[in-house]
Amino acid sequence: MRTLRILLVEDDHDHVFLIRRALADLDDVAVAIEVAGDGQQAVERLARSRFEAGGRPQLILLDLKMPRMDGLEVLRHIRADEAARGLPVVVLTSSERQEDREEALRLGASWFVCKPTDGRRLRSELQQLADHWARVTA
Amino acid sequence: MTGPEGVVAVLELFVTHERAGELGRLERIARVAEELGPLVERRRANEALAASREQFQAVTEAAVDAIVSADSSGRLLTWNRGAERMFGWAAEEVVGRPLTMIIPERFRKLHTDGIARVARTGTSKLAGQVVELAGLRRDGSEFPIELSIGSWTQPEGLAFSGVLRDITERKRAEAALAGANRELERANAELETLVYSASHDLKSPMVSLLGYLEYLRLDYGDVLGPEGNRYLNRMADSTVYMQQLLHDLIDLSRVGRSGVEPVAVDLDRLVRAIAEDAGAANPRMELRVGRLPVVTGDPVGLRQLFTNLLENAVRHGGRPDLVVVVDGRERPDGGVELSVRDNGQGIPPEHRERVFGVFERLEGPSTSDGTGMGLAICRKIVDVLGGAIGIQGDRGTDVRIILPAATPARWPAQELTAGVSR
């Protein structure tokens, strides 16, 4: 089984737990999750990962509302960073604010996944994401 | 007898017989009459003038407002009692002196420039208008005035009359009202921001709660047994309901906050799309859409308005074969009247206003019947458009919405003769 390395950028511990739980039993793919507790940590982690062979995340799951640096700011950083620019970024959202979504798309978000209001739905969305990743990187 | 304007009086002379030797007498009489004519006329004019002056005097002296007049060089000609009271100068102290003495220093140049312009062009751009200015009292204090200016031509040139009203009280009331409004708006905005951010912050733990419930059921459902699972289901239902409440609170506080540019919204298309969804979910119900205009407004708000109203009808109609009609008509004042009516169980007249309150429901809480905020959101959406919404009807529920003429609307060119189509 292939392993998908994910950087989860999320400040809420419960959400981290639930997302880990939803990702634990995906079919055909194992995931290795690293967590950044806010935007600042995520940006620092990405800068460091440049020098770590094999350690670089292959997918970023990004919450929008966080202390210190919010998700939109992280997205801006990633798209401006030569090395990280190509990383797929999936925005985790419980926000119905159309402006947030539009802004995230404008800044180069690849996809949206709903916050785990419904475990099955989150799992199926993440499964689709993993399948897509498996296809494009096969 | 004639004057410059024609015949002014008729002089009648009677002679019993014509005496010989007085040739030219008639001509002499005619000459006298000719000279008398203008005299009679002038006398009459003087009398009329005196009466008019007296009338003017009486009116101006009785007036509460200050009434003054000035010549084209800005020198005061008249000064009534009102002016004496308002400015503190007696008429004999000011008549003949320049008008600038009642104008605050910083406005005097404007005034003298205006006078010069009038002297040059022969017309005044302020004549016939009402302007707000500041006046200067004898004691040096200033106060706001409203001034209306008239002008007329006299032998010496253009002259002006001014009626000045002390608007100190009005200004004070206006400022107090504006201040109170600002305070109210600020408090309202603060409250809405609070509701908005509180509901937003509550969403995150709600998401966790639902997530854990889900995994509790998945991972430990077997161990909990049927009664334990029933508790779990009740918890999940309540949490979902609470989440719905939060969504509605956010919707409610968002209406009017977003500052969306109003655009043309085709209500016909909008309502048909919503009716299609509602009809698909309730196959035995009949939803009719009549003649609806294109109005100018926030498309998200208008969609929510009709979604909530149709949802309410379907949810509270109380019969599976409910008929809901959405229709519109043009009001004589150019406004728009829209109606969403059904033949369901209706709302008793005593509750018709209450249902527009926040969290108001007639049937008491249950997870399937909504949060009781739908109509409160509707009212707010209509309020933002400057309109009104209310419930009427003897049978079923008839929700009427009136949008003001200021909400530009375009009606379909041809009236559909059937009025209603499926």
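A few comments on the model shown:
- Of all DSSP-defined beta bridges confined to the protein assembly as shown, some 70% are antiparallel rather than parallel.
- With a Förster radius of 30 Å applied to the beta-carbon distance between B:D113 and B:F143, the computed FRET efficiency rounds to 0.85.
- Gap separating the Cα centres of the stretch A:65-91 and the stretch B:121-177, nearest whole Å: 63
- In percent, rounded to a whole number, the relative contact order of the stretch B:188-329 is 24, using alpha-carbon pairs under 8 Å and six or more apart.
- Gained length - B:R410 relative to B:A90, 0.36 nm times residue gap less alpha-carbon distance: 109.0 nm
- Considering only alpha-carbon pairs that sit under 8 angstrom and 6 or more positions apart, the relative contact order computed for the stretch B:64-166 is 30 percent.
- Inter-label distance, B:E34 to B:E132: 6.4 nm, where each label sits 7 Å from its Cα along the C-beta direction.
- Amide proton proximity set for B:L322, modelled H, under 5 Å, gap of 5+: B:E286
- The stretch B:237-289-the stretch B:46-88 distance, computed between alpha-carbon centres (Å): 66
- Qualifying lysines (Cα of each under 26 Å from Cα of A:K65; at least 8 residues distant if same chain): A:K115, B:K203
- Residues with amide H under 5 Å from that of A:M69, placed H, sequence gap 5 or more: A:G39, A:Q40
- With θ taken as phi - 60° and the Karplus curve 6.51 cos²θ - 1.76 cosθ + 1.60 applied, the whole-hertz 3J(HN,Hα) list for the stretch B:67-81 is 10, 10, 9, 9, 8, 5, 8, x, 8, 5, 9, 9, 7, 8, 4 Hz, x standing for glycine and proline.
- Relative contact order (percent, whole number), the stretch A:2-137, Cα cutoff 8 Å, 6+ residue spacing: 26
- Centre separation in Å (Cα based) which lies between the stretch A:14-32 and the stretch B:373-388: 43
- Among B:E185, B:E146, B:E93, the residue with the largest mean-square fluctuation in a Gaussian network model of chain B, with springs joining Cα atoms closer than 10 Å, is B:E93.
- Of all DSSP beta bridges confined to chain B, the antiparallel ones make up roughly 95%.
- Counting every other Cβ atom within 10 Å of each residue's Cβ, B:C378, A:C114 order from fewest to most as A:C114, B:C378.
- Within straight-line cross-link reach of B:K109, lysines at Cα separation under 19 Å, skipping those fewer than 8 residues along the same chain: B:K125
- Given charges at Cβ of Lys, Arg, Asp, Glu: chain A dipole, positive-most of A:F112, A:L87, A:L8: A:L87
- Computed over the stretch B:172-254, the P(r) curve from all C-alpha pair distances, binned at 10 Å from the origin, holds 16, 30, 20, 15, 9, 6, 3, 0 percent per bin.
- Interchain or long-range residues, amide H under 5 Å from A:V9's placed H: A:A36, A:L61, A:L62, A:D63
- Difference of contour (0.36 nm per residue) and Cα-Cα distance, B:R81 to B:Y231: 45.3 nm
- Segment B:A175-B:A9, length gained on full extension (0.36 nm per residue, minus Cα span): 53.5 nm
- Modelled FRET efficiency - R0 60 Å, B:T16 with B:R53, Cβ distances, 0.05 increments: 0.85
- Rounded to the nearest 10 degrees, the angle from helix B:374-384 to the longest Cα principal axis of chain B is 20 degrees.
- Footprinting exposure proxy for A:H132, A:H13 (fewest neighbouring C-beta atoms within 10 Å first): A:H13, A:H132
- Computed FRET value (nearest 0.05) for B:V294 with B:D383, which takes r as the C-beta separation and R₀ as 22 Å: 0.55
- Positive-end residue of B:G96, B:L147, B:H111, charge dipole of the stretch B:64-166 with Cβ unit charges: B:H111
A short reminder: the numbers here are calculations on the coordinates, not readings from a lab. All of these numbers come straight from a predicted model, not from anything done at the bench. Note: ideal-geometry Cβ built from the backbone for every residue, glycine included; neighbour counts use all protein chains shown.
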